[in-house]
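Encoded as structure tokens, the structure appears first; notes follow it.
The values are calculated or read from the model by the stated rules, or taken from the named source; none is laboratory data. Please read all numbers here as calculations on a predicted model, not as lab measurements. We place every Cβ from the backbone using ideal geometry, glycine too, and count neighbours over all the protein chains shown. What goes into the accessible areas is simple: the full protein's heavy atoms, side chains included, and nothing from ligands, DNA or RNA. Shrake-Rupley method; radii C 1.70, N 1.55, O 1.52, S 1.80 Å.
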Amino acid sequence: MAAIEAGDTAQKQFHKELTEAGKKVCEDVKSKGTYAVILASRPYQNDALVNHDLPDMFTKLGIPVLTADSLPEINHVELKKSRLDVVNNYHARMLSSAVLAAKTDYLEYVQLVSFGCGHDAYLSDEIIRLMKEISGKIPLILKLDESDIQGPLRIRIRSFTETVDMRRRKESRPKIHSLSDPYPVKYTKQSRKEKIALIPNTSHAFSRLMAAAFAGQGVRTESLAVGREEAIRLGKQYVHNDICFPAQIVIGEALAALKSGKYDGDEVAIGMGKYVGDCRLTHYSALLRKALDDAGYPQVPILTNDDKDSHKLHPGFHMNLFTAVKIAFGLPMIDVLEELLRKIRPYEKEKGSADQAFEKALDEVIRGLERRGISGARKGFEKAIEIMKDIPYDRSEKRPQVWIVGEYLLNFHPGANHDIEAYLEKNGFEIIEARMTDVIRKTYFYQYTQIREYRLKKPLADKVWLRTANQAFEIAHDVTDKIAARHPLYTPACRLPDLVKDSDPIIHHTFDAGEGVLIPGEILHHAKKGCRAFVILQPFGCLPNHVVGRGITKKLKEIYPDAQILPLDYDPDVSFANIENRLQMLVMSCKK
């Protein structure tokens with residue numbers, strides 16, 4: 001304890017000296033009529049080997065360099081008018097220092113970003129927006145990689161400093177403007193009567209489930225068609241190219257619908273998923289707002305499943321407990337229907353009959369949920385199982401199985417993954433897929449498990465809610481399993497609490513970044529059951545999923561040396577030829 005107290009004391013003293021030095025630099029440049037540069041970066045980018053001696057490039061020009069945390073006022077900046085959800089201190093420092101630079105005539109702003117870092121991407125977008133709106137200042141965004149060639153960086157710095165000098169010669173002090181509401185267009189109660197909420201796809205079935213659940217609260221909804229080339233093109237055009245591919249295709253789907261001519265921009269809203277945490281899904285609404293504005297649809301409001309809605313995007317809609325429970329009960333049902341589809345389709349006697357039956361079965365569940373809530377979904381699911389039982393198939397000659405796992409939108413979205421299921425089925429495989437239920441449930445499960453196992457102090461209301469949410473999923477599984485057991489091909493799902501513990505030899509079951517322990521847990525669970533071919537789908541540049549996906553393959557191979565594990569990276573420009581080449585290596589290995 002004494003060592004911790006000594007460390008805290010030393011850290012406080014260091015921070016005091018740092019801010020005093022920052023204050024002195026600010027006073028000095030202010031008195032001289034010059035300026036200093038805030039070099040805003042991640043902590044590791046303070047290393048000279050990482051930042052390529054950028055601070056020296058400025059100081060040799062006579063321009064002092066400040067870090068964001070050296071600014072005396074850094075902790076007193078109001079960030080309510082930021083579009084982003086500030087989920088950590090790093091976000092706060094970056095945005096606060098940008099606001100200070102925009103308001104202060106003797107400060108300029110340089111952001112260091114890592115090549116391909118999606119988290120830096122949305123910060124860059126917001127920093128540019130904030131500074132432009134406050135005073136018209138333009139920050140310098142420098143993208144760094146491992147190259148140690150300094151020439152291009154020097155050119156960018158000289159261009160930036162020349163631009164700053166020209167601006168300062170023209171105007172002595174920038175005109176400061178107050179920030180406006182970052183989401184000026186709202187989804188109101190009146191919007192329920194006037195607008196149709198378009199729901200992009202995570203998966204075809206999940207989009208329909210969300211649309212039906214939202215409709216139960218009086219929202220007029222429509223599930224969009226699965227986006228492909230046009231959605232990807234528009235996502236590239238209007239979403240920062242370093243952001244993750246799932247964000248680009250989901251937002252691209254919404255833009256493709258608006259540009260198709262089928263909808264009037266004055267009569268629609270966009271429904272977007274949201275999860276506040278480490279994933280970039282936290283900021284999809286901010287990315288969507290920028291894309292809509294840039295594409296010419298500033299009048300289109302956004303609604304999300306975020307019941308807190310801290311930015312007041314949708315004061316006319318807050319997802320209530322009943323809607324959340326409907327989704328929790330519907331998820332295992334659509335998972336079962338998709339599992340049965342994959343078990344039957346490769347063996348169907350009439351080509352196309354499995355897909356046709358699946359759509360009819362899904363219609364029964366969705367119609368039941370829309371008309372009578374959970375009880376309607378239950379009855380619809382009973383009809384759905386009977387529909388799936390009527391498909392003629394012959395599984396006498398079993399195919400080898402391949403398990404597809406990874407980032408959940410890539411798993412379930414055929415337009416994003418280049419129809420990987422269809423390709424592998426054509427090449428003689430039976431597909432096993434991850435379950436959407438586990439992806440959604442894990443948010444509640446991890447938090448509840450961390451509280452229980454690490455004895456975290458949380459408000460009682462939070463503990464009760466998380467426990468209730470987990471229990472709701474268990475009851476939903478019970479209801480689903482009882483009905484699904486009527487189908488001869490159904491095998492009860494391994495539920496999340498048991499599934500994740502399979503990953504403990506590699507990653508502890510309370511780890512929650514990216515897909516968390518779902519990837520290793522699912523691979524180990526199915527490897528124990530005999531599956532030996534696995535494909536891990538990852539968005540290019542998604543660090544959390546690279547850690548829990550590609551990063552764990554070596555350890556998995558040590559446990560199961562005969563397993564074939566193929567990580568595949570996707571981005572908007574990946575070609576099917578490249579995907580096919582990689583998949584053919586898996587196909588040939590499995591057929592030896």
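Descriptive notes on the structure:
- FRET efficiency, Lys528 to Ala2 (Cβ-Cβ, R0 45 Å, nearest 0.05): 0.40
- Debye equation applied to the C-alpha atoms of the range 17-175, log10 I(q)/I(0) at 0.10, 0.13, 0.17 Å⁻¹: -0.33, -0.57, -1.04
- Degrees between helix 89-103 axis and first principal axis of the chain (Cα, 0 to 90, nearest 10): 40
- Whole-angstrom gap from the range 1-56 to the range 479-530, using each part's C-alpha centre: 47
- Simple Cβ-charge dipole of the chain, Lys/Arg +1 and Asp/Glu -1, about Cα centre, in debye nearest 20: 920
- Each Cα pair under 8 Å and six or more residues apart adds its separation to the average, and for the range 40-123 the resulting relative contact order is 34 percent.
- Remark: the range 247-253, residue by residue, has Karplus-estimated 3J(HN,Hα) of 4, 5, 6, 5, 5, x, 4 Hz, where x stands for each Gly or Pro and the curve is 6.51 cos²θ - 1.76 cosθ + 1.60 at θ = phi - 60°.
- On Cα atoms only, tilt of 321-344 relative to the major axis of the chain in degrees: 60
- Only Lys, Arg, Asp and Glu carry charge here, each on its Cβ (+1 for the first two, -1 for the last two); on that basis the range 182-297 has a dipole of about 300 debye about its Cα centre.
- For the range 307-392, with +1 on Lys and Arg beta carbons and -1 on Asp and Glu, the positive-most of Leu341, Leu321, Ile391 along the dipole: Leu321
- Farthest positive-ward along the range 490-579 dipole, Cα basis, beta-carbon charges - from Pro505, Pro539, Gly549: Pro505
- Accessible area in the full protein assembly, largest first, 1.4 Å probe, for Ser353, Ser147: Ser147, Ser353
- Averaged over its residues, the range 174-259 has an accessible area of 38 Å² per residue, based on protein heavy atoms and a 1.4 Å probe.
- Percentage relative contact order, the range 154-242, counting C-alpha pairs under 8 Å, at least six apart: 22
- Legend: P(r) of the range 22-81 from all alpha carbon pair distances, 10 Å bins from 0, whole percents, reading 20, 46, 28, 5.
- Cα pair distances in the chain, grouped into 10 Å bins until the bin that holds the longest one, percent each: 3, 15, 24, 25, 18, 10, 4, 1, 0
- Exceeding the 19 Å Cα-Cα cut-off - candidates Lys193/Lys379; Lys60/Lys103; Lys343/Lys501; Lys143/Lys274; Lys351/Lys426; Lys193/Lys326: Lys193/Lys379; Lys60/Lys103; Lys343/Lys501; Lys143/Lys274; Lys193/Lys326
- For the range 154-278, pairs of C-alpha atoms spaced more than 17 angstrom apart make up 69 percent of the total.
- A Förster distance of 41 Å, applied to the separation of the beta-carbon atoms of Lys189 and Lys591, puts the FRET efficiency at 0.10.
- Dipole size of the range 292-361 about its Cα centre, with +1 on Lys/Arg Cβ and -1 on Asp/Glu Cβ: approximately 300 debye, rounded to the nearest 20.
- Loop sites in the range 364-412: trypsin sites (Lys or Arg not before Pro), DSSP, at most 11 other Cβ within 10 Å: Lys398
- Among the listed pairs Lys312/Lys383; Lys290/Lys457; Lys186/Lys236, a Cα-Cα separation exceeding 29 Å is found for Lys312/Lys383; Lys290/Lys457.
- A 1.4 Å probe, protein heavy atoms only, puts the accessible area of Val219 near 0 Å².
- Rounded FRET efficiency, nearest 0.05, which uses the C-beta distance separating Asp419 from Lys389 and R0 of 22 Å: 0.25
- Counted over the chain, the DSSP beta bridges are approximately 5% antiparallel.
- Looking at the range 66-151, the trypsin sites (Lys or Arg not before Pro) that sit in a DSSP loop and have at most 13 other Cβ atoms within 10 Å of their own Cβ are Lys80.
- Carbon + sulfur, % of accessible area of the chain - ligands and nucleic acids excluded, 1.4 Å: 53
- Dipole of the range 71-199, positive direction: furthest Cα of Leu112, Ile134, Leu100, with charges on the beta-carbon: Ile134
- Average Cα contact separation per residue, the chain, under 8 Å, 6 or more apart, as relative contact order %: 11
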